[in-house]
Structures are given as C-alpha cells and as structure tokens.
1. Which of P107, P46, P72 moves the most in a Gaussian network model of the chain with Cα springs under 10 Å?
2. For a Förster distance of 35 Å, can you work out the FRET efficiency between the beta-carbons of R103 and A60, rounded to the nearest 0.05?
3. Probe radius 1.4 Å, ligands and nucleic acids ignored: give me the carbon and sulfur share of the accessible area of the chain as a rounded percent.
4. At a probe radius of 1.4 Å, what is the per-residue accessible area of T88, in Å² to the nearest 10?
5. Does the stretch 62-118 come out rounded, prolate or oblate by the C-alpha gyration tensor, with a ≥ b ≥ c the root eigenvalues, rounded set by a/c under 1.5 and, if not, prolate when a/b is larger than b/c and oblate if not?
6. Report the gain in length on full extension from E93 to T117: 0.36 nm times residue separation, minus Cα-Cα distance, nm rounded to one decimal.
7. As I understand it, the dipole of the chain uses +1 on the Cβ of Lys and Arg and -1 on the Cβ of Asp and Glu, about the Cα centre. Which of A142, P46, A64 lies farthest toward its positive end?
8. Can you work out ³J(HN,Hα) from phi for every residue in the stretch 24-32, in order, using Karplus 6.51 cos²θ - 1.76 cosθ + 1.60 and θ = phi - 60°, giving whole Hz and x for Gly and Pro?
Amino acid sequence: MSTDLPELPVTFRPTRTRVVLLTLGGGLLAAFVVIAVLLPSDGARPWHTSDRAWMVLTGALIAAVLVLLSRPKVVADRDGVTVVNLTTKRRLEWAQVIRVNLRPGDPWVFLDLADGTSLAAMGIQPGIGRAGALRDARRLRALAEVHGTDGTAGQ
C-alpha cells in the first residue's frame, strides 16, 4: 500500500470551507447587530425594539445555519471512526467499514458498511480542494484496510 498511514487519532474536515462559513457567519451576525443598533428610532417610519430584536435574531439564525454547515468531520482513532454530518453523529467500529469510496462526481466520501448500507461522510468533500479530499479519502481507506475486517483490528 503506497498511502502513508496517519497517526491516530486523526480528524478529516473541509478546513477551507469551514473557515469561509464561520467567517461569513460571524460577519453577517455582526452586520445585523450593527444595523439593528443604527436603525432610526424616530421619523416617518421608526424602528421599535421588537424590530431590532428581529434583526438580531435573523442574523443569529443565519449564523447558526452556517455553523451547522461547518460541522461535518470524520474522526478516526484506534477503535474506529466517528462520522459527524450536519445533524447526525455516528460511531463505527473499524470492522463495520467495508470500503471507503470517493468516486468522480461524488459530493463527499461514502462508507460502505458491513450491514449492506452506505453512510455519507461529509467531512471529506472535494468541493473546494479536490486533491486534499482525494488524499484524505486514501488515508481513511488505508486505515480501514489496516484496522478493519482483515482480522488485525486493534493491532
């Protein structure tokens, strides 16, 4: 196998995407707060406290969605792999992971599982950095092959 095994534990996540989303979320929240503070409270169409609160709440909701979108990661350790997607988190033992797939056109890695199902692992996605995603998919595949169903799990 030509892929170097990473030192465990290792976390795979789309770092650039995460930085962009969290920066955008913080900036938008700050902008909504500033707008809420600067809105006129007098004149022909005054803004009331409830209007300001709704502005801040809107900014907070947009920021929360962007934080949620930045959540995906895959954490591999000696005992298995943890897949954190947008709203779910699933812990798998290495023996449960049969294959790690990242085919052309896939939005992220898919794990073929021993129960015959497939699990999206959104923490490795080629969107912004295809080369990095391919490298991470190969590294996770190598870990699954070494620690998985070949009878050496845990060694």
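1. Residue with maximal mean-square fluctuation among P107, P46, P72: P46.
2. On the way: r = 38 Å, r/R0 = 1.08.
Efficiency for this residue pair is about 0.40.
3. Details: 5470 of 9110 Å².
Carbon plus sulfur share of accessible area: 60 percent.
4. Rounded to the nearest 10, that gives 80 Å².
5. Working: a/c = 2.48, a/b = 1.52, b/c = 1.63.
Taking the square roots of the gyration eigenvalues as a ≥ b ≥ c, the stretch 62-118 is oblate.
6. Working: separation 24, 0.36 × 24 = 8.64 nm, distance 1.47 nm.
Difference between extended and current length: 7.2 nm.
7. Going by the charge dipole, the pick is P46.
8. 4, x, x, x, 5, 4, 4, 4, 5
The values are calculated or read from the model by the stated rules, or taken from the named source; none is laboratory data. From a predicted model like this one, the values you see are computed outputs, not experimental measurements. Every residue, glycine among them, receives a Cβ derived from its backbone with ideal geometry; neighbour counts consider all protein chains shown. With ligands, DNA and RNA removed, areas are computed over all heavy atoms of the protein, side chains included. Shrake-Rupley method; radii C 1.70, N 1.55, O 1.52, S 1.80 Å.
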